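See structure below.
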Amino acid sequence: MPAPRPMLAVTALVAHAGCQGSEPPPPAPRVEPAVTVRDADGQTRLEARLVDGACVVTGETTLAVTRQGEAVAGARDGTTALTLGPGRTGIEVTGTDGAPRLRVHRAAGATAGVPGTAVDLLDMQGVPVARFALDDATGRVVDAARAPTALLAREGGRITVSAPGGAALAYVAGTTDLEVAALIIAPGVDADTRALLACERLLPRLP
């Protein structure tokens, strides 16, 4: 008996038509490893993760930070909570009321003649809230009187944040960028602002 060629042909045609009519599944969101802040006891305090071009923050606060031209904006529940970008006095953090509440000054050279980066967070009267002096391997956070409040160092794939006396304060994993670590743990700065500042550095630059 001859092979049932017509039936095979019809079956193949139906299968081919079914493949043509089906929609491919949507691409999965692109998720990068998180930058995680844990306290000295190992409890997670804050996480910042890049997801499809946004920096999504969970933990102490919940925020989605995206680039918008020269600025970055942090939104919660679809509403902008604060922005970071050029202002009247330089780079400023602005609240929902449109009023600037923090200035960010960043310069090469942690101290005169010493390579590194200096980052100052100032209130709108110019009073320092926190200052960071960073070099290739370590960082130091000082207060308005330039007294050290925290020390940062790379250690075993993470960044250790310790008190001047040596006691561990926090651990930052998922980045080797000391500036990101300093911004995300900045003493005296609220969680929303810390998250916004760290995410601005984590987000890819627009072309």
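The values are calculated or read from the model by the stated rules, or taken from the named source; none is laboratory data. Fair warning: this is a prediction, and the values are worked out from it, not measured in the lab. Quick reminder, even Gly has a Cβ in these numbers, built from the backbone with ideal geometry, and neighbours come from all protein chains shown.
Scanning region 121-146 for residues that are aliphatic (A, V, I, L, M) and either more than 29 Å from residue 95 (Cα to Cα) or touching a residue at least 60 places away in the same chain (Cβ under 8 Å) (or both) gives 121, 129, 137. Filtering region 112-120 for residues that are surrounded by fewer than 20 Cβ atoms within 10 Å (Cβ to Cβ), of a type in the set (A, V, I, L, M), closer than 24 Å to residue 165 by Cα and touching a helix residue (DSSP H, G or I) at 6+ places or on another chain (Cβ under 9 Å) leaves an empty set. Can we say residue 130 is of a type outside the set (Val, Ile, Thr) and under 21 Å from residue 102 (Cα atoms)? Yes: the conditions hold for residue 130. Within region 61-77, residues that are crowded, with 19+ Cβ neighbours inside 10 Å reach partners that are in a loop (DSSP other than H, G, I, E, B) with beta carbons closer than 8 Å, at six or more positions or on different chains, in the pairs 65/203; 72/203.
Residues of region 78-102 that are without any contact (Cβ under 8 Å) to a residue 12 or more places away in the chain and either of a type in the set (Gly, Ala, Ser) or closer than 15 Å to residue 35 by Cβ (or both): 78, 98, 99. Selection of region 157-206 for residues being surrounded by 15 or more Cβ atoms within 10 Å (Cβ to Cβ), of a type in the set (S, T, N, Q) and more than 20 Å from residue 66 (Cα to Cα) yields 160, 162. In region 156-207, which residue that is touching a Cys at 6+ places or on another chain (Cβ under 7 Å) and in a helix (DSSP H, G or I) is farthest from residue 102 (Cα to Cα)? Going through the qualifying residues, I end up with 202.
Only one entry of 114, 31, 72, 14 meets the criterion of being out of contact with any Pro (no Cβ under 9 Å at 6 or more places or on another chain), modelled with pLDDT of 90 or more and of a type outside the set (Asp, Glu), and that entry is 72. Per the listing 122, 151, 84, the residue uniquely touching a Ser or Thr at 6+ places or on another chain (Cβ under 7 Å) and not aromatic (Phe, Trp, Tyr) is 151. Assess whether residue 150 counts as being crowded, with 19+ Cβ neighbours inside 10 Å, under 21 Å from the mean Cα position of the chain (by Cα), in a strand (DSSP E or B) and not polar (S, T, N, Q). So residue 150 passes the test.
Listed by first and then second residue, the pairs linking a residue in region 104-120 that is within 23 Å of residue 93 (Cα to Cα) to a residue that is modelled with pLDDT under 60 and in a strand (DSSP E or B), with Cβ atoms under 8 Å apart and 6 or more places separating them unless they lie on different chains, are 118/111.
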